[in-house]
Structures are given as C-alpha cells and as structure tokens.
1. Filter the range 134-161 for residues that are more than 16 Å from the ligand (Cβ to nearest atom), open to solvent by less than 30 Å² (accessible area, probe 1.4 Å) and within 24 Å of GLY323 (Cα to Cα); which is nearest to the chain's Cα centre (by Cα)?
2. Quick one: in the range 63-84, of everything that is among the hydrophobic types (A, V, I, L, M, F, W, C) and not in a helix (DSSP H, G or I), which residue is most open to solvent (accessible area, probe 1.4 Å)?
3. Could you check, for the range 76-85, whether at least one of its residues is within 16 Å of the ligand (Cβ to nearest atom) and in contact (Cβ under 8 Å) with a residue 60 or more places away in the chain?
4. Just name the residue that is nearest to the ligand (Cβ to nearest atom) out of those in the range 30-50 that are surrounded by fewer than 14 Cβ atoms within 10 Å (Cβ to Cβ) and not hydrophobic (A, V, I, L, M, F, W, C).
5. Can you give me the number of residues within the range 225-248 that are touching a strand residue (DSSP E or B) at 6+ places or on another chain (Cβ under 7 Å) and open to solvent by 30 Å² or more (accessible area, probe 1.4 Å)?
6. Does the range 286-333 hold any residues that are more than 16 Å from the ligand (Cβ to nearest atom) and among the aliphatic types (A, V, I, L, M), and which are they?
7. Output the residue which, of all residues in the range 213-224 that are within 16 Å of the ligand (Cβ to nearest atom) and part of a strand (DSSP E or B), is farthest from MET92 (Cα to Cα).
Amino acid sequence: MTLFSRIVGTGSYLPPRRLTNADLVAELAAKGVETSDEWIVERTGIQARHFVVDGVNSSDLAFEACKQALAAAHLGPQDIDLLIVATSTPDMVFPSTACILQHKLSQLSPQAAGIAGAPAFDVQAVCAGFVYALSVADAMVRAGNARRALVVGAEVFSRLLDFNDRTTCVLFGDGAGAVVLEASDTPGILATDIHADGKHVGLLCVPGHVHGGQILGDPVLKMDGQGVFKLAVGVLEETARTVLAKAGLQDSDLDWLVPHQANIRIIQSTARKMKLPMDKVLLTVAEHGNTSAASIPLALDAGVRAGKLQAGQLVMLEGVGGGFAWGSVLFRY
Ligand code: UT7
C-alpha cells in the first residue's frame with residue numbers, strides 16, 4: 001500500500017530579460033517615479049528580477065520548468081497522471097493554465113501524448129500557491145488517486161504591476177518552478193499544513209475583474225506592505241511549529257528552510273524564531289525578487305542544482321501571501 005509521496009525531480013525557469021535594481025531605477029526615473037538601489041536592497045534584499053516579454057505567458061514558463069523537472073526524474077509527460085499549477089496570473093480567465101500546459105507537454109513527442117486525460121487544474125492561493133498545490137497533490141497520491149504528479153508554480157506578476165507605484169513595482173518578478181511527486185513506500189512528504197483567513201482580502205489584492213467585455217475595478221496589485229509584513233512573520237512561525245509537531249520533529253532537526261522569497265527581513269525573522277542559522281536557508285530573493293507561487297520551487301530547484309540538498313535531509317517549505325493564505329510542507333529529500 002502506498003503511504004507517502006516523494007519529490008523525485010525538480011526544475012525551474014526564468015525568462016531571459018533580467019533587470020537589476022539599477023535598470024529598474026532608470027526605467028522608473030524616466031517616468032518620474034523615484035526609488036533607489038539602496039532602498040530596495042536595504043528594505044527587501046532584492047537586487048534583480050526577471051520579466052517576460054509580450055506574448056509569453058505563465059504556461060510558457062511552466063512548460064520549461066516541467067521539462068527540466070521531468071528530465072531530472074528521468075520521466076516523460078506520459079508518466080504523469082496528475083498536473084497541478086499554482087498561479088495567480090493564468091494565461092486566460094479559463095480554461096486553467098494546467099490544461100494549456102498539459103497540451104503543450106503532450107506535444108513534446110509521440111509518447112508524450114499519453115499525458116492527455118490526466119486530471120489538470122489550477123490552484124489559486126497567490127504566494128502560498130505552491131505549498132497549497134503540493135499539499136493537494138500529496139493527499140491525492142497518498143489516497144491512491146495518482147502515482148506521479150507534476151506540481152508547478154508559475155507566474156507573470158510583471159503583468160499585474162503598476163509601474164507608477166514604487167511601493168510595489170520594485171518587489172516582484174516572473175518565473176516558474178516544478179517538482180515531480182511520486183508514490184513511495186517511504187517518506188517523502190512527512191506533513192503539510194495550510195490555512196487561510198479571508199478577512200484580510202484587502203491587504204494584498206488585484207481588485208479588477210472581467211465584466212461584460214470590460215475590466216471593472218483596478219487591475220493592478222495593491223498591497224499594505226507593513227500589514228502583510230506583520231501578519232506574515234506571525235503565521236510563518238505558527239505554521240512552521242505546527243508542521244514540525246505533526247511530524248513529531250523539532251526546529252533542530254531541520255536541515256533546510258526553503259521560504260517564500262518576498263523579503264529577506266521576513267526570512268531572517270522566521271529563521272531567528274526557528275533558531276536556524278541563515279546558512280540553512282535557501283535564498284534566491286536577491287536574484288528573483290518575489291515571484292509569488294513560483295518562488296518556493298525556484299529556490300528549491302536552485303538548492304538541488306547547487307548540490308546543497310542531500311538525500312535524507314529534512315526540508316521545510318513555507319509560503320504566505322494574499323488571501324491571507326499560508327502554509328508549509330515538511331519532507332525528507
Ligand atoms: O508575497 C507575500 C506578500 N508580500 C510581502 O511579504 C511583502 C511584505 N512587506 C514588505 O516586504 C515591506 O513592508 C515593504 C518592502 C513592502 C516595504 O518596506 P517597509 O520597511 O515596510 O517600508 P514602508 O512601507 O514603511 O515605507 C518606508 C518609506 C516610506 O516613506 P516615508 O513615509 O517614511 O517618507 C515609503 O514612501 O519608504 C518609502 N518607499 C520607498 N522609497 C524608495 C516605499 N517604497 C519605496 C521605494 N523606493 N521603492
């Protein structure tokens with residue numbers, strides 16, 4: 001009987017257009033928006049981000065990340081029987097980005113067509129999207145409803161940014177990360193913990209929506225940065241403790257923390273509360289900025305490819321963001 005799911009391959013992709021803080025500061029200055037490399041680095045730890053060009057969508061970034069994850073797992077699309085995409089920047093209002101991605105993957109080779117027919121759907125939990133998607137996939141694998149899942153976080157947040165609002169437009173970037181999850185007799189994922197509290201919808205949102213052929217409301221990202229910051233540090237500590245308790249483990253057992261990469265100060269605060277030295281924290285925020293649902297799998301893949309994660313190590317993933325939604329996943333690599 002299958003009891004667990006294991007991560008057997010990771011992949012990621014960043015669009016080639018990279019903007020350093022200096023590049024962005026110059027672009028914004030040309031529009032009369034004043035910011036600086038010093039402010040961005042000091043308040044967030046971000047030094048650069050990647051943006052897509054026109055015509056490139058979340059499914060395109062996801063497709064590249066999935067090819068890498070499948071190659072790392074020595075599998076093809078035909079081996080996948082569940083496809084979940086975490087995104088808040090879908091290609092279309094519907095169908096899901098997962099369905100669009102499934103079709104792209106199915107065209108990779110004649111055998112790849114075998115991925116057609118597998119369930120494919122999106123999960124929308126903003127920056128907590130990847131831990132939500134991984135929790136759902138883990139539950140489906142453990143219930144025997146899937147043997148091999150592709151779980152993806154993919155975002156084009158640059159499309160949601162108001163480049164006249166310096167308090168948000170310097171923070172985000174585009175990208176995708178993916179993992180292959182496989183049924184296994186041994187762990188694998190040890191525990192998951194996800195939560196939401198909708199009373200905080202207004203703290204971080206894109207209020208606009210499609211209505212009768214037009215956009216009603218403001219279709220750009222709005223954030224109460226300090227409000228998000230305060231809530232985030234509290235719930236991240238809480239979910240970290242909960243997921244460890246569920247697995248009967250402690251802070252000191254952790255080998256790696258792979259946090260959502262929004263702000264180095266939030267990450268440092270969590271590490272401090274968990275008594276975890278920063279050299280046990282995988283960091284990509286400087287290079288990627290906040291890529292929402294893509295940030296955790298991007299950081300995870302960077303850690304794997306750098307040879308940091310070793311077989312058997314205990315790893316915690318943690319995400320938090322709009323909703324408010326948050327959660328964590330604890331696994332043995
Ligand atoms: O993905 C999950 C959700 N997102 C987050 O986790 C983000 C959470 N929040 C944060 O990371 C931080 O609150 C921010 C990075 C957004 C802001 O940092 P802060 O230290 O909370 O700054 P602040 O909002 O208190 O602003 C301080 C000052 C203000 O000026 P005054 O009022 O003190 O004169 C802002 O107007 O910094 C100013 N400011 C800027 N200055 C230069 C805000 N944005 C900028 C900017 N460049 N880009």
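The values are calculated or read from the model by the stated rules, or taken from the named source; none is laboratory data. What you are looking at is a predicted structure, and each value in this text was computed from that prediction instead of being measured. Please note: Cβ atoms are built from the backbone with ideal geometry, for glycine as well, and neighbour counts cover all protein chains shown. Note: accessible area is taken over every heavy atom of the protein model, side chains too, but ligands, DNA and RNA are not part of it. Shrake-Rupley method; radii C 1.70, N 1.55, O 1.52, S 1.80 Å.
1. That would be VAL152.
2. LEU75
3. no
4. GLU34
5. Our first condition is that a residue be touching a strand residue (DSSP E or B) at 6+ places or on another chain (Cβ under 7 Å); within the range 225-248, this holds for 228, 232, 235-236, 239-240, 242-244, 246-247.
Filter once more, keeping what is open to solvent by 30 Å² or more (accessible area, probe 1.4 Å): 242, 246-247.
Matching residues across the range 225-248 total 3.
6. Those that are more than 16 Å from the ligand (Cβ to nearest atom) and among the aliphatic types (A, V, I, L, M): LEU300, ALA302, VAL304, ALA306, LEU309, ALA311, LEU314, VAL315, MET316, VAL329, LEU330.
7. As a first pass, look at the range 213-224 and keep what is within 16 Å of the ligand (Cβ to nearest atom): 220-224.
Next, only the ones that are part of a strand (DSSP E or B) stay: 222-223.
Working: LYS222: 21, MET223: 23 Å.
Among those residues, the one meeting the criterion is MET223.
Residues checked against (1) within 16 Å of the ligand (Cβ to nearest atom); (2) within 21 Å of the chain's Cα centre (by Cα):
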{"residue": "VAL201", "(1), (2)": "yes, yes"}
{"residue": "CYS205", "(1), (2)": "yes, yes"}
{"residue": "GLN226", "(1), (2)": "yes, no"}
{"residue": "GLY234", "(1), (2)": "yes, yes"}
{"residue": "ALA247", "(1), (2)": "no, no"}
{"residue": "ASP251", "(1), (2)": "no, no"}
{"residue": "VAL258", "(1), (2)": "yes, yes"}
